[in-house]
Structure formats: structure tokens, C-alpha cells
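Student: Following this message is one structure expressed as C-alpha cells.
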Amino acid sequence: MIKVGITGESGFIGTHLYNTLRLYKDEFEVVSFKDEFFNDDQQLTRFVTSCDTIVHLAAMNRHGVPQVIYDTNITLVKKLIVALDQAQSKAHVLFSSSIQEDIDNLYGKSKKAGRELLANWAENNGSLFTGFVFPNIFGPFGNPYFNSFIATFSHQLTHGENPEIEIDKKVPLLYVAETVKTITDAILKKKNVREYRISHSTERKVTDILELLKSFQSTYVEKGIIPVFNNTFEINLFNTFRCYMDIRNHYPVKYLQHIDNRGDFVEIIRHNGGGQVSFSTTKPGIIRGNHFHTWKIERFSVIKGKALIRLRRIGTNEVLDFYLSGEEPAYVDIPIWYTHNITNIGEDELYTIFWINEHFDANNPDTFFENV
């Protein structure tokens, strides 16, 4: 078991790394770290002594005075090195730097200088060192106006504000879960690299990302429709966006119930690209349906009660009967050009879930009534 300490444990990447490592209790033991350890030499040394591996994430990346960023980040690295020496540690040290190393700013310079300081310590000490140079990292629970423009835009859209683009350009991006996997793999493989440049998993223009986030706001937040996702990046972006919603005040969202003498009918979910799911209760003896479709794909699933589903191909006389019971939940898919109905043949209410491959459109319903 590897004892891992994470400086900056409470930060954006640190939180994700900490929570992930704790899932693998047979491989990792996480040594607790608090930010105030950097102000207490004894606490910091005790922390270092307890670790086989240290992931140094603690850093300042925003401040009104750039020199403060540089001085702070270098000071944190030097304090860590002093503690490592005092503990006579041989720990594997992993350091998180940024592609801003390549930009002429004091934050980037502080990350490059810090990486070199720790790499030199490891080389002189006979220890392992992994010097990550990461692209822009995004993901759930990043601080808006601090960690990434995606966090800022997501927060603004979900709180009634209008995001503004200062510079539109292509941005190389890495999802935080991908970042964590890169770090954990390097720990397990004992990767020893002074400058370990990590490739981005996608590259997108800021305007394109903002348009996607706006579509999530209008489609998902305002209408409750699950968007269509074209790739893994869009799923990751959507899950990032969702974490900025004010869920305490957004949920629960009440369904629109359609109630008549047959029972209830409720549309549960609409998915752009995944269709529509609905739910009904049907009273004993009641028949629903007696219609057919010419292009829609439809599934009837009985989950409680007893049902008879009847199908007849248009233009023929043969009727197909299917008996279903909630005691052994089952489904029947409805072919096109088959008129169909469902009858509650039990003594209790019948519960049925319906899936159809597209949203209902009252102007083009593809629904033609004809008795089975």
C-alpha cells in the first residue's frame, strides 16, 4: 500500500485526487494534509515523514500583484524541500505544473522554477520525481473566476448572468478525471521524469464551448431535456456544467400529470437523440391505445399488474395477443404499421413504462387511430 500525501488537498484537483484515491483502499492510503502545515515546520515535517509519495498541488495562480504569485509558489516549494530534508525522506514527489510555463508570465515562471527545484532535490537525493506539465484542466467543482473559464461561464449561466468572452481562441483541455488518472498511473508506475508533458484530450474554441454551455442551459435547465452528446468531451462538459446549478432551489421538478378516467399518464424524460420515456397507470378493465405509427419506434414495458397487449398489422385481420405481468417484468416493441392497444386484465392498477425514439410533436404526431 502506498501512503500518498497531497499538498493542496482542498483545492480543485486535490479534492478530485483525494476522493479518487480513497476509492482504492487496497492500493492507497491518503495522508491528511492541511494548508496551515506550510506555516508550521514541525507539522509539515511530520506530514512528509508519513508519506511514501507526495503530490505537490498547492499553489497560487491568481493575485492582483503577479510578483506575489511567484514568491508564494517558490516559497511553498522551498518549504517542502526543507521538510523533505529534515525528514530524510526518499519520497516519490510529483509536481503539477502548467503549459503556462511557455508563456512569459510570473505564474508560469514560478511553476517552471518550482518544478526544477524539486527535480534537482530528487536527483541529488536519489528519489523519484514526476514533473507534470498539464494543459488547461476543467471539471466539476472548480472555482468560478479562478480555476477555469468553463467554471466561470457555467456559474454565470446557471445564476442568471451573461458570460463575456475576452479572447476567443482554441484552448487545449484535459478533464479533471483524466488528470487524476494520469497522476495515479504515474504513482503506480513510479514514473521518473523531470518534464512530463501531458497531451490535451480535446482542443476547442472558447466561443464553441460557450455555445454548448448555453444550449445546456436552454435545453436541460429550462426544459428538462437531456441533450444529445457527440463525444466524451461533451458529456464531461455537461457534467461540469450541472454541478453549478442551484439544485436546492431547482429540484424537485414536478411532472405534468395527465389524469382521466383511465388513470394517469406522465412524461418522465426527453432525450435529444435518445427519445422520450413516459409512465402510465391504468385502472382495471381499461384499454389504452388503438392506434398505429408509420415511423416511430416504441416499447411498452409492464412493471406492475397484468396486461394484454394486442397487435394487428394494418390491412390484415390476424390479431397477436401478448400477456405480460409485473411479477416477471417484460416488454413488447411495437412494429410500424401495427395498430396496438394495452388492456389492464388484472384486479389492481397496471403500471407501464413507454419509450419512443422521438419527442411527441403535436403538429406531426405520426399517430393514426384504428381499433385492433
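The values are calculated or read from the model by the stated rules, or taken from the named source; none is laboratory data. Remember, it's a predicted structure, so these values are computed and weren't measured experimentally. Reconstructed Cβ throughout: ideal geometry from the backbone, glycine too, with neighbour counts over all protein chains shown.
Student: So if I check each of GLY114, GLY142, GLY131, GLY126, which one is crowded, with 19+ Cβ neighbours inside 10 Å, out of contact with any Asp or Glu (no Cβ under 9 Å at 6 or more places or on another chain) and over 30 Å from ARG242 (Cβ atoms)?
Tutor: GLY114 is the lone residue from the list that is crowded, with 19+ Cβ neighbours inside 10 Å, out of contact with any Asp or Glu (no Cβ under 9 Å at 6 or more places or on another chain) and over 30 Å from ARG242 (Cβ atoms).
Student: On the basis of being of a type in the set (Gly, Ala, Ser), over 29 Å from PHE216 (Cβ atoms), at pLDDT 90 or above and in contact with an Asp or Glu (Cβ under 9 Å, 6 or more places away or on another chain), does GLY289 make the cut? Break it down stepwise before answering.
Tutor: Numbers: of a type in the set (Gly, Ala, Ser): yes; over 29 Å from PHE216 (Cβ atoms): yes; at pLDDT 90 or above: yes; in contact with an Asp or Glu (Cβ under 9 Å, 6 or more places away or on another chain): no.
Against the criterion (of a type in the set (Gly, Ala, Ser), over 29 Å from PHE216 (Cβ atoms), at pLDDT 90 or above and in contact with an Asp or Glu (Cβ under 9 Å, 6 or more places away or on another chain)), GLY289 does not qualify.
Student: Taking only pairs six or more apart or across chains, which ones have beta-carbon atoms under 9 Å, a first residue in segment 65-79 that is in the same structural domain as GLY114 (by TED's automatic domain parsing), and a second residue that is among the charged types (D, E, K, R)?
Tutor: Between residues of segment 65-79 that are in the same structural domain as GLY114 (by TED's automatic domain parsing) and residues that are among the charged types (D, E, K, R), the close pairs are ILE69/ARG62; TYR70/LYS109; ASN73/LYS111; VAL77/ARG115; LYS79/ASP41.
Student: Have a look at PHE229, PHE265, PHE233 and point out the one that is outside the structural domain of LEU57 (by TED's automatic domain parsing), part of a helix (DSSP H, G or I) and hydrophobic (A, V, I, L, M, F, W, C).
Tutor: Of PHE229, PHE265, PHE233, the one residue that is outside the structural domain of LEU57 (by TED's automatic domain parsing), part of a helix (DSSP H, G or I) and hydrophobic (A, V, I, L, M, F, W, C) is PHE233.
Student: Since SER97 meets every condition but one in (1) of a type outside the set (A, V, I, L, M); (2) buried (at least 22 other Cβ atoms within 10 Å of the Cβ); (3) free of Cβ contacts under 8 Å to residues at least 40 places away in the same chain; (4) in a helix (DSSP H, G or I), which condition does it not meet?
Tutor: (4)
Student: List pairs: first in segment 109-126 and in the same structural domain as VAL55 (by TED's automatic domain parsing), second among the polar types (S, T, N, Q), Cβ under 6 Å, 6+ apart or cross-chain?
Tutor: Hits for this filter: SER110/ASN73; LYS111/SER97; LYS111/SER98; GLY114/ASN73; ARG115/SER97.
Student: Right, next: Restricting attention to segment 290-324, which residues are touching a residue at least 60 places away in the same chain (Cβ under 8 Å) and part of a strand (DSSP E or B)?
Tutor: The answer is ASN290, HIS291, PHE292, ARG310, LEU311, ARG312.
Student: Output the number of the condition that ALA177 fails; it satisfies all remaining conditions of (1) in a helix (DSSP H, G or I); (2) buried (at least 18 other Cβ atoms within 10 Å of the Cβ); (3) in contact (Cβ under 8 Å) with a residue 60 or more places away in the chain; (4) not acidic (Asp, Glu).
Tutor: (2)
Student: Taking ALA83 and the conditions (1) within 26 Å of the chain's Cα centre (by Cα); (2) farther than 26 Å from HIS200 by Cβ; (3) in a helix (DSSP H, G or I), which numbered condition does it fall short on, given that it satisfies the others?
Tutor: Of the numbered conditions (1) within 26 Å of the chain's Cα centre (by Cα); (2) farther than 26 Å from HIS200 by Cβ; (3) in a helix (DSSP H, G or I), the odd one out for ALA83 is (1).
Results for (1) at pLDDT below 95; (2) among the aromatic types (Phe, Trp, Tyr); (3) over 24 Å from the mean Cα position of the chain (by Cα), shown as yes or no for each residue.
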{"residue": "THR130", "(1), (2), (3)": "no, no, yes"}
{"residue": "PHE153", "(1), (2), (3)": "no, yes, no"}
{"residue": "GLU178", "(1), (2), (3)": "no, no, no"}
{"residue": "THR182", "(1), (2), (3)": "no, no, no"}
{"residue": "VAL193", "(1), (2), (3)": "no, no, yes"}
{"residue": "SER201", "(1), (2), (3)": "no, no, no"}
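Student: Something else now. Restricting attention to segment 302-320, and to residues there that are of a type outside the set (A, V, I, L, M) and surrounded by fewer than 18 Cβ atoms within 10 Å (Cβ to Cβ), which single residue is nearest to TYR338 (Cα to Cα)?
Tutor: ARG313
Student: For segment 236-261: of the residues being part of a helix (DSSP H, G or I) and of a type in the set (A, V, I, L, M, F, W, C), which is surrounded by the fewest Cβ atoms within 10 Å (Cβ to Cβ)?
Tutor: Taking segment 236-261 first, the residues part of a helix (DSSP H, G or I) are 236-242, 247-250.
Checking which are of a type in the set (A, V, I, L, M, F, W, C) leaves us with 237-238, 241, 247.
Values: LEU237: 24, PHE238: 17, PHE241: 25, ILE247: 10.
Top of the filtered list is ILE247.
Student: Going through segment 134-185 one residue at a time, which ones are among the polar types (S, T, N, Q) and either within 26 Å of GLY64 (Cα to Cα) or not assigned by TED's automatic domain parsing to the domain that holds ARG204 (or both)?
Tutor: ASN136, ASN143, ASN147, SER148, THR152, SER154, GLN156, ASN162, listed by residue number.
Student: Name the one entry in ILE74, ILE54, ILE103 that is of a type in the set (A, V, I, L, M) and within 20 Å of ILE183 (Cβ to Cβ).
Tutor: Going through ILE74, ILE54, ILE103 in turn, the sole match is ILE54.
Student: Among the residues of segment 217-235, count how many are surrounded by fewer than 15 Cβ atoms within 10 Å (Cβ to Cβ) and among the hydroxyl-bearing types (Ser, Thr, Tyr).
Tutor: Total meeting the criteria: 2.
Student: In addition: Could you tell me whether any residue of segment 326-334 is crowded, with 16+ Cβ neighbours inside 10 Å, within 18 Å of ARG313 (Cα to Cα) and touching a strand residue (DSSP E or B) at 6+ places or on another chain (Cβ under 7 Å)?
Tutor: Looking through segment 326-334, at least one residue is crowded, with 16+ Cβ neighbours inside 10 Å, within 18 Å of ARG313 (Cα to Cα) and touching a strand residue (DSSP E or B) at 6+ places or on another chain (Cβ under 7 Å).
Student: Evaluate the following for ASP361: is it surrounded by 14 or more Cβ atoms within 10 Å (Cβ to Cβ) and either within 18 Å of GLU267 (Cβ to Cβ) or not assigned by TED's automatic domain parsing to the domain that holds GLY305 (or both)?
Tutor: So ASP361 does not fit the description; no.
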